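Everything on this sheet refers to the single structure shown next.
The values are calculated or read from the model by the stated rules, or taken from the named source; none is laboratory data. What you are looking at is a predicted structure, and each value in this text was computed from that prediction instead of being measured. All Cβ positions, even for glycine, are placed from backbone atoms using ideal geometry, and neighbour counts span all protein chains on display.
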Amino acid sequence: MATNEGQKIPEEEQTAAKLGEGTIPAPLKEWKIQYTKIFINNEWHNSLSGKKFPVFNPANEEKICEVEEGDKEDVDKAVKAARSAFQIGSPWRTMDASERGRLLNRLADLIERDRLLLATLESVNGGKVFSNAYLMDLGGCVKILRYFASWADKNQGRTIPIDGKYFSYTRHEPVGVCGQIIPWNFPLLMLAWKLGPALCCGNTVVVKPAEQTPLTALHVASLVKEAGFPPGVVNIVPGYGPTAGEAISSHMNIDKVAFTGSTEVGLRIKEAAGKSNLKRVSLELGGKSPCIVFADSDMDTAVEFAHQGLFIHQGQTCTAASRLFVEESIYNEFVRRSVERAKKYVLGNPLNQEVQQGPQIDKEQYTKILDLIESGKKEGAKLECGGGPFGNKGYFIQPTVFSNVTDEMRIAKEEIFGPVQQIMKFKTIDEVIKRANNTHYGLAAGIFTKDLDKALTISSALQAGTVWVNCYGSFSPQTPFGGFKMSGNGREMGEYGLHEYLEVKTVTVKISEKNS
Amino acid sequence: MSSSGLLSLDLFSLQIFIDNEWHDAVSKKTFATINPSTGEEICQVAEGDKADVDKAVKAAKNAFRLGSPWRKMDASYRGALLNRLADLIERDRAYLATLETLDNGKPYAISYLVDLDMVLKCLRYYAGWADKYHGKTIPIDGDFFSYTRHEPIGVCAQIIPWNFPLLMQAWKLGPALATGNVVVMKVAEQTPLTALYVANLIKEAGFPPGVVNIVPGFGPTAGAALASHMEVDKVAFTGSTEVGHLIQVAAGKSNLKRVTLELGGKSPNIIMSDADLDWAVEQAHFALFFNQGQCCCAGSRTFVQEDIYPEFVERSVARAKARVVGNPFDSRTEQGPQVDEEQFKKILGYINLGKKEGAKLLCGGGPAADRGFFVQPTIFGDVKDNMTIASEEIFGPVMQIMKFKTIEEVVERANDSKYGLAAAVFTRDLDKANYLSQALQAGTVWINCYDVFGAQSPFGGYKMSGNGRELGEYGLQAYTEVKTVSIRNQQKNPCNLLLSNFPTPLTICG
C-alpha cells in the first residue's frame, strides 16, 4: 500500500516515470466520468429503485457526478448473474486455468493503458496526492493483478500418501460466489487485492465499492468486459454499507464474503454470516499499530519511516503507525525531528505537483479526527504542531503531532484514521512489548534497531500480522497481509491469500493394490 | 456406579481439568452420564459453566504468556510430548475402548480397532508436523528481506461431539498442540468419560499445566461461554449446523475469534449401474449404518441408477436385516444403541415422517429392544428428494434409497442441499469418476469406497457443512496465525550488485 519515501521506487516505475518528461506525467486536465451505473453480466444497469447518490471531490466539497445506488434487489440481481456464471459447464467453469491467468494479465494491461486517467480519478475522488495515486496505487494494482494472474495455473492440489489401499488427492476448487466489500482509502488497490486471488482461483464476484469512491471501480468494470471475462464473473454494485453491504453479508446465495474496513463493521459481517448461511468470512480491519524505535537505531531513517508510516495518505491507512514508542534516551530529539518533519508539509489540491497532503475523505471522517485531536488536548497530551483544520474549503487537517502521550488516552487507543501522530516514551524491551500488545488490534508493527537480538525477539513477541524491521509500510504482492486478534481473520496476498478463495476437496479412490 | 460392570471408574477423576489439576465445578453442580445400552446412570461428572470456563481460559492464557515453558519449548519437544501422549493412550487402549463403549454405546470391537487406532495415528501424524510446519522466505520487491512465521493463534476453545469422543478429541488436540496453541476443551455432556481419562494421560505425558484444560458441561452454558469469550482467540466446533450458526454469531458479537466448523451433512452416495454391485451394496450399507448412523458424513442419500435399482434395494434390505443389533460388548454385535433418549426419539420421529410422507418402509422402522436406546436398521425405498427424510440429517440407522436416470440429473440432485460434507461414487468408469468427483459440492469425495479417513487427508465441508479443514497439512492452517516479517536490507543480491558493477543498464534483472 505504501511505497515510502526513503524506500526505493521500483525500477520499472522509475523507468516509466523517466519515459515521460523525466518525472511522473501530469494528471489529466480534462476528463469525463463515463461509468456511473451498476455493472452486472458485463452490462450497465440502472438501480431497480431508481435511486442515485452523489459522489464528491473532498478537496473542494463539490459534487463530481451521481452514481446509481445499488440496494438489496440489485445485489440479488448481481448474485443471480454471478451464480449463473459459476454453473457447472459455464464458460468460466470450463475455462483453462491458464486462460484465467491470461485474462487477468490482460486486465492489468488495460489498467496500465488507462493509468493516467485512473490515477487522476483516484486523486480527484479520493483526495489522494496524484503522484502517490500514479506510482503507488496504480503501480500496486497492476503488480497485484499480474502476481495473481500467474498463480492461476500454479495453485496445485496434492496427492496424499493415505493409509490403506486407496489413492487420495486434493483439488483446490473455487468457493463460488464471493461478495467483496472494499473501502474508500485505496479504492483501486483494494479492488485489485480482492479481484486478483478470487478470479485466479476461478470464483465469481459481486463487489461493492465504497460509496465515497465508486468511480475507478466502475471504470475497471468496463476494462473487465474489454479484457474478455465472461458475463457475470465480475459484478460491481455501488451502494451503501447498511443496504447493499448488509445484503451481501446476509445473502443466502453468496458463498464467501471478504471485507476490508472497520472492526465495528467486521463484527457485523461475521455475525450476519453466522445468521445466514455460514458463508466463509475474511476480514481486514482496523489497527492501532505500534512502531518501536530503539536508541540504537539510525534516527534519520526511523524518523522518516515513522513519519511516512503515519502520515501517508492523510493517515487514512489501516496500518498507520499510530502508536509510536520511542526509547527514553532519544525521546526528546526524536520528537523534535518528527515535528520538524511534519511541519514541512504542503497541503492543498492533491492534483498539484507540489502538494504533499490532500484532504480527508469526507466530512464524517474530518469531524471524527478533529474530535479525537480535541480529546488529546483535553487528556493532557502535548500538542507539538498542527491540531486543527486547514483552509476554509475541503476536508483538510493540519499534520498534527502529540508528544507525552500515555497509553490510556483516547488518541493512544482508538483508530484515528487521520494525520495525527502519537509519540510515547518507553524504557525497557519487556515494557514496550507488553504495551505494544495491549490492544484488541493486531494488524502491523514496526521496529527500528540495529541490534539483531532485539529485532528477532520483538518481531516474535509482537502480536501483529506484519512486522516491519527498520522499515514501515512496505507492501508487496508476494508477502501475506492480515491481522491478529480483532484486526481481522485470514490473510490477503502471497500464496497464503489463495487459501481464502478455495475449498479443498479430498478425493479418495479405492485401488486394488498399493505400491510405494 | 452400578452399571459400570467390571470397569473401575476409580482410575481417574470425574472433575474439571484445569492447570493439570482436578477441580469441582465452581457451582458444585454435577450431571449424570448415562449408559445408552441400559438407560442407567454410570456416574456423576462435575458440570462446568461460565465460571469454570473463565478459570480454564485464565489458566490457558497464562500457559500461553510470552516466556512460559510452553512458549519457550522446542517445536520438536512438543512433537515428543504428543508422541508420548499417543504411547500412553496405546498403553491404556483396552481400558479406553471399554470406557468409550460404555459411555457411547458403540461396539467394543469398533472402539478398539477403529476409534483408538485412528486416535493414535492422528496424534502421531501431528506430532511429526510440530517441527516441520515451515514458514517461507519471500522474494519481496525492493530492498527488503521478508519471511513468514507460522505462529500459534493462542487460546483455542474446542467443542467436541459425542459420536466419536476420543477421535474428535485427537483431531482437535493434534493440530492445536503441534502448532503450539493452548486449549480449553468442552466435551459432550453425553460422553465425557474418555476425555477426562485422557486428561490424566496429558498430565502424565508431561504437558505443562494450563496447556490443555478440559471442562465437561452443556452447550448452552459452557459451550456458549467459550464461543462468546473475549479472551478466547479461536473456537473449533464439531456438531450440528444449527449450533454452528450460534457459534459464528457469537464470534462476531464478541471478539472476532477465528472459527472453524465441522457440521452436519446429508451426503449423497451415487451408485452407477456399472459398479461392482456386491461391493457397492456393502459399502452403501456401511456408509449409512456405521456407528449406528451417527456420522456427520453418513451416506444418507443413496442414489441408485434406474436399471439396477430393484436389485440394489433387494440386496440392501437383505444386508440390513442381517445386521446384528445388541449388547455392544458382544463381539458379534454390529450395532449398539443410539447415544441417548433425545436422539432415539428424534430418529423414531423421522421414521414416522418417512412413512407419512409416502416413502416405502422396506425393513426396520422401530425400537429394537425393551430397554436402552436401540433402533432397528431401517430402509426406505421410493424416497423423493422433497421428503423430510431426504433433506434433513437423521443421525440414525435409517437409509434412504433414491432412483436416478442420468449423470447430469444425479449431480443436480446430489448438490441440491445446504450441506456439502462428503459424497461417494461407485463406478468402474474413469470418465464418470472424474466428472462426478469434480462436479459434486463436497469436501470429501470417495470413489468406490466410503468413510475412508486418513490423518493425512483433509476433511471438512462445503456450504453449510462447515468452515475450514481438519487433518492433513491443511488442518494446520486452522491453528496458525501467519506473521510476515519484512526487514530493510542494505542491498539486494544479485540484481542491484550487477547493476552497480556495470555502467550499462542490464535488462535481464528487470
>> I need a count of the residues in the range A:461-492 that are under 26 Å from B:Val235 (Cβ atoms) and in contact (Cβ under 8 Å) with a residue 24 or more places away in the chain.
In response: 18
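Here's the yes/no breakdown for (1) of a type in the set (S, T, N, Q); (2) over 14 Å from B:Glu393 (Cα atoms); (3) touching a residue at least 24 places away in the same chain (Cβ under 8 Å):
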position: B:Lys253; (1), (2), (3): no, yes, yes
position: B:Gly264; (1), (2), (3): no, no, yes
position: B:Ser273; (1), (2), (3): yes, yes, yes
position: B:Ala280; (1), (2), (3): no, yes, yes
position: B:Glu311; (1), (2), (3): no, yes, yes
position: B:Val324; (1), (2), (3): no, yes, no
> Any idea which residue in the range A:18-44 is modelled with the lowest pLDDT, counting only those that are buried (at least 18 other Cβ atoms within 10 Å of the Cβ) and either aliphatic (A, V, I, L, M) or assigned to a helix (DSSP H, G or I) (or both)?
Replying inline: A:Ile24
>> Of all residues being within 11 Å of chain B (Cβ to nearest Cβ) and over 15 Å from the mean Cα position of the chain (by Cα) in the range A:240-263, which is nearest to A:Gly483 (Cα to Cα)? Just the residue, please.
In response: A:Lys256
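If a residue must be charged (D, E, K, R) and not in a loop (DSSP other than H, G, I, E, B), how many such residues does the range B:28-45 contain?
From the range B:28-45, those charged (D, E, K, R) are B:28-29, B:40-41; that's our starting set.
Subset that is not in a loop (DSSP other than H, G, I, E, B): B:40-41.
Of the residues in the range B:28-45, 2 are charged (D, E, K, R) and not in a loop (DSSP other than H, G, I, E, B).
From the list B:Asn83, B:Asn62, which residue is closer than 19 Å to B:Gln158 by Cα and surrounded by fewer than 19 Cβ atoms within 10 Å (Cβ to Cβ)?
Selected residue: B:Asn62, the only one of B:Asn83, B:Asn62 that is closer than 19 Å to B:Gln158 by Cα and surrounded by fewer than 19 Cβ atoms within 10 Å (Cβ to Cβ).
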> Does the range A:31-63 hold any residues that are of a type in the set (Phe, Trp, Tyr) and touching a residue at least 40 places away in the same chain (Cβ under 8 Å), and which are they?
Replying inline: A:Trp31, A:Tyr35, A:Phe39, A:Phe53, A:Phe56
> Is it fair to say A:Ala464 is under 27 Å from A:Gly358 (Cα atoms), among the aliphatic types (A, V, I, L, M) and either assigned by the TED database to the domain that holds A:Thr317 or over 25 Å from the mean Cα position of the chain (by Cα) (or both)?
Replying inline: no
> Which pairs do you get when a residue that is on the phi > 0 side of the Ramachandran plot, found in the range B:146-164, comes within reach of a residue that is part of a loop (DSSP other than H, G, I, E, B), reach meaning Cβ atoms under 8 angstrom, with the pair 6+ apart or on two chains?
Replying inline: B:Gly154/B:Phe64; B:Gly154/B:Asn181; B:Gly154/B:Asp233
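Quick check on the range B:437-481: of everything there that is assigned to a strand (DSSP E or B) and more than 7 Å from every other protein chain (Cβ to nearest Cβ), which residue is farthest from B:Gly299 (Cα to Cα)? Step through it out loud before you land on a result.
First, pick out the residues of the range B:437-481 that are assigned to a strand (DSSP E or B): B:444-447, B:459, B:466-467, B:470, B:480-481.
Filter once more, keeping what is more than 7 Å from every other protein chain (Cβ to nearest Cβ): B:466, B:470, B:480.
Working: B:Gly466: 17, B:Glu470: 20, B:Thr480: 32 Å.
Filtering first and then ranking leaves B:Thr480.
Kindly evaluate B:Gly252 against the criterion of being more than 29 Å from A:Val509 (Cα to Cα), over 22 Å from the mean Cα position of the chain (by Cα) and within 14 Å of another protein chain (Cβ to nearest Cβ). Even if it seems obvious, please write down each step before you answer.
On the way: more than 29 Å from A:Val509 (Cα to Cα): yes; over 22 Å from the mean Cα position of the chain (by Cα): yes; within 14 Å of another protein chain (Cβ to nearest Cβ): yes.
Yes; evaluated as a whole, the condition is true for this residue.
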>> Restricting to the range B:255-276, name every residue that is in a loop (DSSP other than H, G, I, E, B) and either at the interface with another protein chain (Cβ under 8 Å from one of its Cβ atoms) or touching a Leu at 6+ places or on another chain (Cβ under 9 Å) (or both).
In response: B:Asn255, B:Leu256, B:Leu263, B:Gly264, B:Gly265, B:Lys266, B:Ser267, B:Met272
>> Looking at the range A:448-486 only, could you name the residues that are part of a helix (DSSP H, G or I), at the interface with chain B (Cβ under 7 Å from one of its Cβ atoms) and among the β-branched types (Val, Ile, Thr)?
In response: none
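Could we say that A:Ser322 is closer than 19 Å to A:Ile369 by Cα and modelled with pLDDT of 95 or more here? Spell out the reasoning first.
On the way: closer than 19 Å to A:Ile369 by Cα: yes; modelled with pLDDT of 95 or more: yes.
Criteria met by A:Ser322.
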> Which of (1) farther than 11 Å from A:Thr508 by Cβ; (2) within 16 Å of the chain's Cα centre (by Cα); (3) crowded, with 24+ Cβ neighbours inside 10 Å is the odd one out, the single condition B:Gly468 does not satisfy?
Replying inline: (3)
>> Out of A:Val233, A:Val224, A:Val220, I need the residue that is over 23 Å from A:Ala133 (Cβ atoms) and assigned by the TED database to the domain that holds A:Arg113. Which one?
In response: A:Val233
>> Looking only at the range A:423-447, filter to residues that are out of contact with any helix residue (DSSP H, G or I) (no Cβ under 8 Å at 6 or more places or on another chain) and farther than 15 Å from A:Arg323 by Cα; which one of those is nearest to the other protein chains (Cβ to nearest Cβ)?
In response: A:Asp430
> Given (1) closer than 21 Å to A:Gly196 by Cα; (2) assigned to a loop (DSSP other than H, G, I, E, B); (3) more than 9 Å from chain B (Cβ to nearest Cβ), where does A:Gly494 come up short, assuming only one miss?
Replying inline: (3)
>> Considering only residues that are under 20 Å from B:Asn213 (Cβ atoms) and not in a helix (DSSP H, G or I), which ones fall in the range B:68-85?
In response: B:Ser68, B:Met73
>> Considering only the range B:250-264, I want to know if a residue exists there that is modelled with pLDDT of 95 or more and at positive phi.
In response: yes
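On the basis of being touching a residue at least 24 places away in the same chain (Cβ under 8 Å), buried (at least 22 other Cβ atoms within 10 Å of the Cβ), more than 25 Å from A:Ala302 (Cβ to Cβ) and more than 7 Å from chain B (Cβ to nearest Cβ), does A:Tyr501 make the cut? Quick ask: steps written out before the conclusion?
Values: touching a residue at least 24 places away in the same chain (Cβ under 8 Å): yes; buried (at least 22 other Cβ atoms within 10 Å of the Cβ): yes; more than 25 Å from A:Ala302 (Cβ to Cβ): yes; more than 7 Å from chain B (Cβ to nearest Cβ): yes.
Yes.
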>> Quick test of your reading of the structure: B:Leu499 fulfils all but one of (1) outside the structural domain of B:Ala275 (by the TED database); (2) hydrophobic (A, V, I, L, M, F, W, C); (3) modelled with pLDDT of 95 or more. Name the failing condition by number.
In response: (3)
> For residues in the range B:86-139 being without any contact (Cβ under 8 Å) to a residue 24 or more places away in the chain and outside any helix (DSSP H, G or I), which is nearest to the other protein chains (Cβ to nearest Cβ)?
Replying inline: B:Pro139
> If you scan the range A:432-478, which residues turn out to be on the phi > 0 side of the Ramachandran plot and of a type in the set (Gly, Ala, Ser)?
Replying inline: A:Gly473
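Would you mention how many residues in the range A:64-96 are among the small types (Gly, Ala, Ser) and in contact with a helix residue (DSSP H, G or I) (Cβ under 8 Å, 6 or more places away or on another chain)? Give the steps one after another, and end with the answer.
From the range A:64-96, those among the small types (Gly, Ala, Ser) are A:70, A:78, A:81-82, A:84-85, A:89-90; that's our starting set.
Retained after the next criterion (residues that are in contact with a helix residue (DSSP H, G or I) (Cβ under 8 Å, 6 or more places away or on another chain)): A:70, A:85, A:90.
Total satisfying the criteria: 3.
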>> Every residue in the range A:366-409 that is at pLDDT 95 or above and on the phi > 0 side of the Ramachandran plot, please.
In response: A:Gly380, A:Gly386, A:Gly387, A:Gly394, A:Asn404
